Amino acid sequence: MAKDKDYLFKIISKRIADTDFSGYTFQYPPLFSWKAKDAESKVGDAWEKALSVKNNHLGIYVHVPFCKQRCTYCRYFSEELNDQGELDRYLNLLKKETNLLKKYFKNQKIHSLYIGGGTPAILDLDQLKKLFDHLYDSFDLSVCKQTVFEGNPDFLSLTKLRLLKKYKVNRLTIGVQSLDQKVINLVNRFQTSGSFQKCIKNARKVGIESINIDLMVGLPQQDSSSFLKTLEEVISLGPDMIHLHPFYPTNLTIFSKENKKVTQPEIIKREKMSHVGQLILQKNGYKENEFDANSKSKADVNIQLADAMEYNSSFLGLGPGAVSHVAGRLRYVNANSIAGYEKSLNDNSLPVLSMCELNSKDDMIYFVISCLRYGKVDKKKFKKIFNKNIDDIFSKEIAYLARREKLENTEDFLLPKFSDLGDYSILSKYFYDKKFIAYCEKEFSVEKIKEDGELYF
Ligand SMILES: C[S@@+](CC[C@H](N)C(=O)[O-])C[C@H]1O[C@@H](n2cnc3c(N)ncnc32)[C@H](O)[C@@H]1O
Ligand code: SF4
């Protein structure tokens with residue numbers, strides 16, 4: 001292995017960021033390499049086999065791909081909502097999709113439910129009730145440990161929050177991004193002044209246990225005083241977790257589609273602001289629990305993500321653009337357009353866009369790269385899940401990164417020594433399968449991409 005691989009891995013990182021509309025950028029193999037062939041027929045078969053035995057950490061993710069308007073910085077899949085009736089049609093389709101799949105989940109207890117988007121809070125009260133009733137009717141959620149709801153403050157009235165509490169939502173993640181109305185307007189975000197402050201107070205009032213706030217760093221015209229003012233105000237309201245998202249303008253954003261670029265001085269400023277933000281959070285009792293999420297207690301982490309990492313658990317993704325992971329067998333993604341999703345379901349077919357079959361090594365790689373992102377790989381856990389010793393499977397990779405002083409290999413753990421998220425993105429790819437790396441080397445023209453500006457992650 002040579003250091004020139006670093007550049008190829010940077011390019012792969014960019015390719016992932018520019019193509020993975022699910023935002024699930026550390027999944028392996030990356031979404032850009034998946035294929036459409038025979039996808040639909042393989043999905044049912046994979047779930048049937050995987051769920052013929054008991055699964056302890058199953059997750060369900062529901063994607064609600066609608067927003068009132070599209071924020072120009074956003075890299076996730078959603079479409080602008082034209083009328084509220086579109087959501088009724090979406091819910092009917094979601095029901096169809098669930099009905100095609102629920103037979104496989106009959107005797108399975110679901111451990112985590114995550115409703116994300118888009119803007120799930122754009123559903124009105126009746127529609128939210130329909131969504132939850134349908135999920136509760138279709139799956140066994142009786143011992144579900146965590147139910148997460150992604151909420152935009154302007155759509156979360158006190159009555160809606162009460163309803164969420166009734167349906168056992170115990171973690172609310174509120175997208176705020178910035179409290180500077182100038183920045184908010186500039187990025188075409190629908191968020192009115194004072195809505196967040198009201199929303200967090202109401203969420204506390206109805207008794208939602210854990211509240212996470214998403215903030216962005218380095219948005220257009222967001223200077224450090226604007227960012228720090230937002231951060232201080234958010235901290236003063238005492239959420240349980242604060243997630244700082246440095247702005248990465250992937251090709252999927254309107255920002256990039258309008259040919260705008262983040263300049264080198266802006267990148268430096270963004271990184272400095274992120275660093276200062278982390279220090280301020282630490283001073284205020286928030287501990288870093290992932291590379292960029294900070295919480296007061298361990299109980300506030302996203303359990304679905306933690307389960308995938310700790311137990312290589314399977315999760316079912318429902319809705320347009322949702323990703324599913326059938327551990328040891330398959331990863332697949334649903335159609336990333338409402339029209340494509342609708343067309344398949346109207347033909348009574350699963351709305352699968354593409355998939356990749358997993359061999360036993362793929363899941364090991366996925367496990368290692370996701371654990372590295374969280375700061376350590378537990379060797380005993382690896383042995384328990386895969387019945388193999390990690391030091392035997394990845395001996396060369398571990399020795400190589402240890403030589404570069406980027407990994408400490410202790411008796412029980414692999415401890416990454418990455419300098420930042422960019423370093424992680426590049427170096428964790430040394431665990432990728434050699435054949436996959438060779439495929440990427442052939443696929444991408446390194447020289448061409450060299451001219452292409454920032455290689456973000
Ligand atoms: C699924 S998204 C949106 C959730 C919700 N609809 C909202 O607007 O708050 C989750 C988070 O990703 C972050 N995000 C979106 N686009 C991004 C980008 N281009 N770079 C970095 N973070 C981004 C935002 O902080 C956002 O809250
Ligand atoms: S940030 Fe949220 S509200 Fe804005 S476009 Fe993305 S998903 Fe929609």
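The portion of the accessible surface of the chain made up by carbon and sulfur, rounded to a whole percent, is 49 (1.4 Å probe; DNA, RNA and ligands excluded).
For the chain, the 222 nm mean residue ellipticity estimated from helices alone, with every DSSP H stretch of n ≥ 4 adding -39500 (n - 2.57) and the total spread over all residues, rounds to -13000 deg cm²/dmol.
Only bridges whose two residues both fall in region 192-302 count here: according to DSSP, what percent of them are antiparallel, nearest 5? Kindly include the intermediate steps, with their values, before the conclusion.
Details: 5 of 11 bridges.
Taking every DSSP beta bridge within region 192-302, about 45 percent pair in antiparallel fashion.
A Förster radius of 45 Å, combined with the Cβ-Cβ distance separating GLU209 from ASP4, puts the computed FRET efficiency at roughly 0.40.
Express in nm, to one decimal, how much length is gained between SER337 and ALA399 on full extension, taking 0.36 nm for each residue of separation and deducting their alpha carbon distance. Spell out each step's value before the answer.
Details: separation 62, 0.36 × 62 = 22.32 nm, distance 4.39 nm.
Here the answer is 17.9 nm.
Among 81-92, 300-311, 257-268, how do they line up by average Cβ neighbours within 10 Å per residue, starting with the highest? Present the calculation step by step, with values, prior to reporting the outcome.
Details: 81-92: 14.2, 300-311: 21.0, 257-268: 11.5.
Ranking, from highest mean packing down: 300-311, 81-92, 257-268.
Restricting attention to region 34-306, close to 15% of DSSP beta bridges with both partner residues there are antiparallel.
In summary, the helical segments of the chain meeting the span-like criteria, namely a full DSSP H run, a Cα extent along the axis of 27 angstrom or more and a mean Kyte-Doolittle hydropathy of at least -1.0, are 264-283. Working from Cα pairs under 8 Å separated by at least six residues, relative contact order for the chain is 20 percent.
If you wrap a convex hull around the C-alpha atoms of region 94-201 and split its volume per residue, what is the figure in Å³?
Details: hull volume 11.3 nm³, N = 108.
Per-residue hull volume (Cα only) is 105 Å³.
Note on ASP140 and SER52: with the Förster distance fixed at 25 Å, the Cβ-Cβ geometry gives a FRET efficiency of about 0.95. Applying D = kT/(6 pi eta Rh) to the chain, where Rh is the Kirkwood radius over alpha-carbon pairs, T corresponds to 20 °C and eta to 1.002 mPa s, the Stokes-Einstein value obtained is 94 µm²/s.
Ligands, DNA and RNA are left out, and with a 1.4 angstrom probe the accessible area of the chain is 44 Å² per residue.
Taking SER52, SER428, SER349 and ordering them by how much accessible surface each has at a 1.4 Å probe, largest first, produces SER52, SER349, SER428.
The values are calculated or read from the model by the stated rules, or taken from the named source; none is laboratory data. Remember, predicted model here, so these are calculated numbers, not experimental data. Here the Cβ is made from the backbone with ideal geometry for all residues, glycine too, and neighbour counts use every protein chain on show. Heads up: the accessible areas ignore ligands, DNA and RNA and are worked out on the full protein's heavy atoms, side chains in. Shrake-Rupley method; radii C 1.70, N 1.55, O 1.52, S 1.80 Å.
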